[in-house]
Amino acid sequence: MSLLRVEGLGKKFGGVNAVEDLSFAIAPGAVYSIIGPNGAGKTTLLNLLTGVYRPSAGQILFQEQDLTGRAPYEYARQGIARTFQNLQIFFNMSALENVMVGRYMQERCGLASALLHSPRLARAERACREEAAELMRYVGLQDYLSSVSDAMPYGALKRLEIARALATAPKLMLLDEPAAGLNPTEALELDDLIGRLSDRGVTVVLVEHNMRLVMGVSDQILVLDYGRKLAEGPALTVRNDPKVIEAYLGSAITPETPYGGDVARAVAVAVEMQR
Amino acid sequence: MLARPMLQRLASPRTGGLLALAAVIALLPLALRNSYFYDVAILVGLNAIVCIGLNLLIGYAGQISLGHAGFFGLGAYGSAILASRYGWPPTAALLATTLAVAVLAFIVGRPILRLRGHYLAMATLGLGIIIFMIITTEDKFTGGPDGISVVPFRIGGFVLQGEHIWYWVVGALLLVAVWLALNLIESPAGRALRALHSSEVGAEVVGINAAEHKLMVFVISAVYASVAGSLAAHYSGFVTPGKVAFLHSIELVTMVVFGGLASTFGAVVGAAVLTTLPQLLATFEDYEMMVFGAVMIGTMIFLPRGVVPSLARLFKSRRSAAADGNAEKT
Ligand SMILES: Nc1ncnc2c1ncn2[C@@H]1O[C@H](COP(=O)(O)OP(=O)(O)OP(=O)(O)O)[C@@H](O)[C@H]1O
Ligand SMILES: [Mg+2]
């Protein structure tokens, strides 16, 4: 049984089909990668899968439950967490507090208890602080335990978002270009981190341009272009898929190919695939 | 071993700040020479209570309100009408009024808080104006522009009258108001408010229902304003629409911003400074408002985060600079 299943999903912005008639399923425990050129609709897809956007067509089923049209916090409560391509750090809080916010669903309590700072809440707060610190160490942020978030470097902020998402104890974690802007050492550490997430039993959806990372960690790859599925399969199959290669190398570019004859775009995708 | 956590606790806003505020309230009467001084101090306390609630909404949750004088007014008039016209016991009048204001805030907050930024400002401004209009036109109940007199507050046979008693009552309530606000901010709900202020989508995707939290803090801030309004009515023995007007809403927001957004003690300091300053400046007569304006502009230029957060930051960076200096020596 699949953890997440998408059927005929579509999202229109005015006349633009950012995502169109997309169907796929993600098995529990997998690392499922989504690749495609800039503007292919990857971020839009993640926004659909977390309720940030409402689909214009199709359905999203998580553990066979229909979540289409629900609010983002309801997706989170079902066990879907994410990071953002353009960071969404709470810069008005410390790094540790950012991760503590991630534990909101486990920690939330009645208003009276919050206003009166009940002893039970005080204990829970101490435990929450401890667990948040533990998660920061887990993602390699042990040096930032007492940092204010607006003084942290970009690479650390990206990991802070992963720690915050992990704090929600998700079943499914969506990472939107986690390697973008990282130096090579940091990118290598990311391979390891994604591996550990997977070992922890978290199913990972990885949107990424870094092909070394994608080819190394993925169980399954979905290739998107113009919001449509171009190919789907294990890393090796996708890489060697004659249809993908043909399309990517442009040997038979006609108005019927998925690029609509856009040579520049086909070359861009091909270059990216070979990187 | 034991001293360190103790010291840390004393340095925390909840314990240390509350103790400092309690000390100020306890010692201030030494400097209050006559009942006029007490009167100003009580006014500061009541404004501070409103500002603490308003700061939860504006400073922490990032939602503007230009209509909070309306909730203050509803509290004042609710208590005045129930206690004076209908002879309710003041405590019952206060509780019933507070509950009614909470329900009203809950009902109007739902559609209003969907708006953002300037649109939210306009909507809350409109809400304040509607409340003002109702109070001035329903003169059968409210006395219209002339206002109405209010019976003194009494609990059982004990009558609260005179500046000295009111000073201690308002002082104690101010401490409670600060304590509750500090507790809320340090709770999961408080973190949720600060989170949605910074990134609403970031907050939602960790499971926070942003709309619900905005509504909650809107109701809490309305309740703070309403209770302060009820007390102000009983204390002064008279209510007029002046304190319900738009200008008062602006004054309240100004106090919050001046003291420092997202700082509970900042709200208290803002209320204290901007309530006493006009009294101090009375000697400048015609130039009073000009000096007042100049002080405001100067503060916002030199302490852009508001008085308390800016000074705290300055103090912190001095201290860490000193610590670095020591580290270099050793
Ligand atoms: N909120 C929006 N309003 C209008 N158009 C949008 C919006 N979000 C995305 N689009 C459009 O939808 C298409 C897909 O964009 P999207 O951001 O999903 O691409 P992407 O695959 O994530 O690209 P990148 O690799 O650059 O991050 C683009 O044409 C983009 O301009
Ligand atoms: Mg993107």
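The values are calculated or read from the model by the stated rules, or taken from the named source; none is laboratory data. Note that the structure is a prediction, hence the values are computed from the model and not measured. For neighbour counting, all protein chains shown are included, and Cβ atoms are generated from backbone atoms with ideal geometry for every residue, glycine included. These accessible areas exclude ligands, DNA and RNA; they are computed on the full protein's heavy atoms, side chains included. Shrake-Rupley method; radii C 1.70, N 1.55, O 1.52, S 1.80 Å.
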*Can you give me the number of residues within segment A:190-215 that are more than 16 Å from ligand 2 (Cβ to nearest atom), at pLDDT 90 or above and not polar (S, T, N, Q)?*
13
_If a residue must be away from ligand 2 (no atom under 16 Å from the Cβ), within 12 Å of chain B (Cβ to nearest Cβ) and outside any strand (DSSP E or B), how many such residues does segment A:56-95 contain?_
15
*Take segment B:159-181 and flag every residue that is touching a helix residue (DSSP H, G or I) at 6+ places or on another chain (Cβ under 7 Å) and modelled with pLDDT of 95 or more.*
B:TRP166, B:TYR167, B:VAL170, B:GLY171, B:LEU173, B:LEU174, B:LEU175, B:ALA177, B:VAL178, B:TRP179, B:LEU180, B:ALA181
*Given the conditions (1) open to solvent by less than 80 Å² (accessible area, probe 1.4 Å); (2) in contact with a helix residue (DSSP H, G or I) (Cβ under 8 Å, 6 or more places away or on another chain), which single one is not true for B:ARG154?*
(1)
_A:TYR53 of a type in the set (Phe, Trp, Tyr) and within 16 Å of ligand 2 (Cβ to nearest atom)_ = yes
*Can you give me the number of residues within segment A:157-203 that are in contact (Cβ under 8 Å) with a residue 40 or more places away in the chain, more than 16 Å from ligand 1 (Cβ to nearest atom) and either of a type in the set (A, V, I, L, M) or in a loop (DSSP other than H, G, I, E, B) (or both)?*
16
*Candidates B:VAL201, B:VAL219, filtered to the one that is surrounded by fewer than 24 Cβ atoms within 10 Å (Cβ to Cβ) and closer than 30 Å to B:TRP166 by Cα*: B:VAL219
*In segment A:41-80, what residues are touching a Ser or Thr at 6+ places or on another chain (Cβ under 7 Å) and within 12 Å of ligand 1 (Cβ to nearest atom)?*
A:TYR53
*Here are some residues: B:LEU193, B:LEU180, B:LEU175. Which one is among the hydrophobic types (A, V, I, L, M, F, W, C) and open to solvent by less than 20 Å² (accessible area, probe 1.4 Å)?*
B:LEU193
*Before we move on, is A:ASN47 within 13 Å of chain B (Cβ to nearest Cβ), open to solvent by 50 Å² or more (accessible area, probe 1.4 Å) and within 27 Å of A:PRO153 (Cα to Cα)?*
no
*Checking B:GLY87 against (1) in a helix (DSSP H, G or I); (2) loosely packed, with under 14 Cβ neighbours inside 10 Å, the condition it does not meet*: (1)
*Considering only helices (runs of 4 or more DSSP H) fully contained in segment B:1-84, which possess at least 2 residues that are open to solvent by 10 Å² or more (accessible area, probe 1.4 Å) and basic (Lys, Arg)?*
B:3-11
*So, in segment A:96-114, of the ones that are among the aliphatic types (A, V, I, L, M) and open to solvent by 50 Å² or more (accessible area, probe 1.4 Å), which residue ends up nearest to the other protein chains (Cβ to nearest Cβ)?*
A:LEU111
*Exactly one of (1) assigned to a helix (DSSP H, G or I); (2) farther than 22 Å from B:ALA222 by Cβ; (3) in contact (Cβ under 8 Å) with a residue 12 or more places away in the chain is unmet by B:ILE165. Its number?*
(3)
*asked:* What are the pairs with Cβ atoms under 6 angstrom where one residue, in segment A:45-72, is under 18 Å from A:ILE34 (Cβ atoms) and the other, located anywhere, is hydroxyl-bearing (Ser, Thr, Tyr) and crowded, with 22+ Cβ neighbours inside 10 Å? Sequence gap at least six, or different chains.
replied: A:THR50/A:TYR75; A:GLY51/A:TYR75
_Unique match (being within 14 Å of another protein chain (Cβ to nearest Cβ), touching a helix residue (DSSP H, G or I) at 6+ places or on another chain (Cβ under 8 Å) and not basic (Lys, Arg)) among A:VAL19, A:VAL31, A:VAL52_ = A:VAL52
*In segment B:177-205, how many are more than 15 Å from B:PHE218 (Cβ to Cβ), within 8 Å of another protein chain (Cβ to nearest Cβ) and not charged (D, E, K, R)?*
11
